[in-house]
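The values are calculated or read from the model by the stated rules, or taken from the named source; none is laboratory data. As the structure is a prediction and not an experimental result, all values here were calculated from the model. Because the Cβ atoms are built from the backbone with ideal geometry, glycine has one as well, and the counts that use them run over all protein chains shown. Note: areas computed on protein heavy atoms with side chains; ligands, DNA, RNA excluded. Shrake-Rupley method; radii C 1.70, N 1.55, O 1.52, S 1.80 Å.
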Amino acid sequence: MKLIDHISNAKGTTLFSFEILPPLKGKSIQSIYDGIDPLMEFKPKFVNVTYHREEYIYKERGQGLLEKIAVRKRPGTVGICAAIMNKYDVDAVPHLICGGFNREETENALIDLQFLGIDNVLALRGDPIKTESIFKPEHGGHKFAVELIQQISEMNCGNYMMDGIQMAPTNFCIGTAGYPEKHFEAMNLEFDLQNLKAKVDAGAEYIVTQMFFDNSKYFSFVDACRKIGITIPIIPGLKAIKTLNHISFLPKFFHIDYPIELSTELLKCRDNKAVEQVGIEWGAHQSKELKKAGVPCIHYYTMSNSASVKEIASKVF
Ligand SMILES: Cc1cc2nc3c(=O)[nH]c(=O)nc-3n(C[C@H](O)[C@H](O)[C@H](O)COP(=O)(O)OP(=O)(O)OC[C@H]3O[C@@H](n4cnc5c(N)ncnc54)[C@H](O)[C@@H]3O)c2cc1C
């Protein structure tokens with residue numbers, strides 16, 4: 001079922017959903033089930049599965065020679081989606097990125113998803129690969145998420161890449177990413193919002209936000225979106241801080257700020273356990289306020305850790 005239909009069927013109550021990462025290559029799918037099982041009591045209607053493209057590593061080959069090797073540490077997005085739809089009564093939302101795909105590979109990936117009965121896709125550009133400072137599209141691939149959304153919308157109208165032949169239309173519900181604190185590459189928030197509007201005009205039916213820790217930023221973002229004519233649901237994404245390492249890693253990696261009340265509490269923490277407790281309390285506080293405000297769904301980034309999300313959800317849902 002399409003994600004927007006889940007939202008409209010909920011008739012104004014706030015849904016619970018979460019995102020998981022495929023396990024590191026070599027780990028079994030049981031590690032995925034172990035993360036999902038504790039969260040099923042909160043009746044998610046959909047679960048997102050991230051996509052991770054290749055990274056380049058260099059191996060020493062002796063005599064001063066280095067070999068550049070492409071590795072995908074977390075393959076398996078589509079297989080996990082099929083497995084969790086089969087095992088649990090939930091829809092799976094695979095993330096599909098521009099990076100590493102040309103248009104034909106994208107088309108073929110979408111055909112696979114359609115054949116598996118997957119009705120939803122979160123369409124993203126993807127970050128630059130770790131060893132490059134700017135995003136480089138694949139030859140014949142998409143430079144921005146808006147182009148990927150256009151391609152999926154075209155397929156939803158039966159327009160595939162083969163010229164002049166009408167094909168069976170796909171029926172994907174397309175999601176897109178939004179950034180309450182601005183995407184780090186955008187020149188300013190207004191420019192970023194205009195680009196978001198272009199993704200909506202191209203066919204995105206809902207937005208999932210980057211994580212944020214200050215609800216006022218989400219509320220301002222929603223207001224700004226509404227002002228420029230974005231009317232689709234905007235699902236807030238939340239992350240529970242869990243370790244001392246997260247304190248500096250999350251702002252650095254995701255380009256987000258902690259509000260002063262949160263950073264004051266984090267500064268008092270001496271070990272991971274203390275950080276985890278602050279993360280749970282802050283996540284519950286954010287969630288309760290968002291739920292009270294009537295958001296369509298709260299989407300939790302588990303990042304392979306469902307214990308804190310379970311604690312938060314048990315206080316909120
Ligand atoms: C909910 C969520 C889930 C994610 N899941 C994944 C995942 O599974 N795998 C993964 O690799 N990454 C994931 N990401 C990260 C995401 O891929 C990065 O944030 C990426 O840098 C941007 O993706 P986007 O889809 O927002 O790109 P875009 O919408 O293309 O925007 C990228 C930048 O380009 C600018 N821009 C857009 N259009 C134009 C234009 N026409 N001209 C000039 N500038 C333009 C935008 O303002 C923005 O600064 C996720 C992010 C979010 C918020």
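Mean-square fluctuations from a GNM of the chain, with a 10 angstrom spring cutoff on Cα atoms, peak among F46, F219, F18 at F219.
Using the Cβ-Cβ distance between S314 and L116 with R0 set to 41 Å, the FRET efficiency from 1/(1 + (r/R0)^6) comes to roughly 0.80.
When +1 charges are put on Lys and Arg Cβ atoms and -1 charges on Asp and Glu Cβ atoms, the dipole computed for the chain relative to its Cα centre reaches about 660 debye. The lysines whose alpha-carbon is closer than 17 Å to the alpha-carbon of K268, local same-chain residues fewer than 8 away aside, are K242.
Shape of the chain from its Cα gyration tensor (a ≥ b ≥ c, root eigenvalues): rounded if a/c is under 1.5, otherwise prolate when a/b > b/c, or oblate? The shape class here is rounded. Identify which of L250, L267, L238 has the largest mean-square fluctuation in a Gaussian network model of the chain, with springs joining Cα atoms closer than 10 Å. Of L250, L267, L238, the Gaussian network model singles out L267 as fluctuating most. If you plug the beta carbon distance of Q277 and A168 into 1/(1 + (r/R0)^6) with R0 = 51 Å, you get a FRET efficiency near 0.45.
Listed by chain and number, the lysines placed with their C-alpha closer than 22 angstrom to that of K197 are K2, K143, K182, K217, K227; residues fewer than eight positions away on the same chain are left out. What the stretch 1-152 shows is 51 Å² of accessible area per residue, with the surface traced by a 1.4 Å probe over protein heavy atoms. What part of the accessible area of the chain, given as a whole %, is carbon or sulfur when the probe is 1.4 angstrom? Its accessible area is 54 percent carbon and sulfur atoms.
Taking only Cα atoms of the stretch 220-317, what ratio of Rg to Rh do you get with Rh as the Kirkwood inverse-distance radius?
Looking at the stretch 220-317, the ratio lands at 0.99.
For N245 and K25, the FRET efficiency from 1/(1 + (r/R0)^6), where r spans their Cβ atoms and R0 equals 25 Å, is about 0.65.
Within the listed set A198, A240, A186, the residue fluctuating most in the Gaussian network model of the chain (springs between alpha-carbon atoms under 10 angstrom) is A186.
Over the stretch 181-229, the hull volume per residue, using the convex hull of the C-alpha atoms, is 78 Å³.
Grab the DSSP H runs of the chain that are 4 residues or longer, score each as -39,500 (n - 2.57), total them, divide by all residues and round the 222 nm result to the nearest 500 deg cm²/dmol.
Details: 11 runs with 127 residues, N = 317.
The helix contribution divided over the chain gives -12500 deg cm²/dmol.
Once the chain from N108 to N86 is taken as fully extended at 0.36 nm per residue, the excess over their C-alpha distance is 5.7 nm.
Listed by chain and number, the aspartates and glutamates placed with their C-alpha closer than 16 angstrom to that of K315 are E41, E276, E281, E289; residues fewer than eight positions away on the same chain are left out.
Tell me, rounded to the nearest percent, the portion of alpha carbon pairs in the stretch 25-148 spaced more than 20 Å apart. Provide the component values of the computation, followed by the final result.
Details: 4031 of 7626 pairs.
Of all Cα-Cα distances in the stretch 25-148, 53 percent exceed 20 Å.
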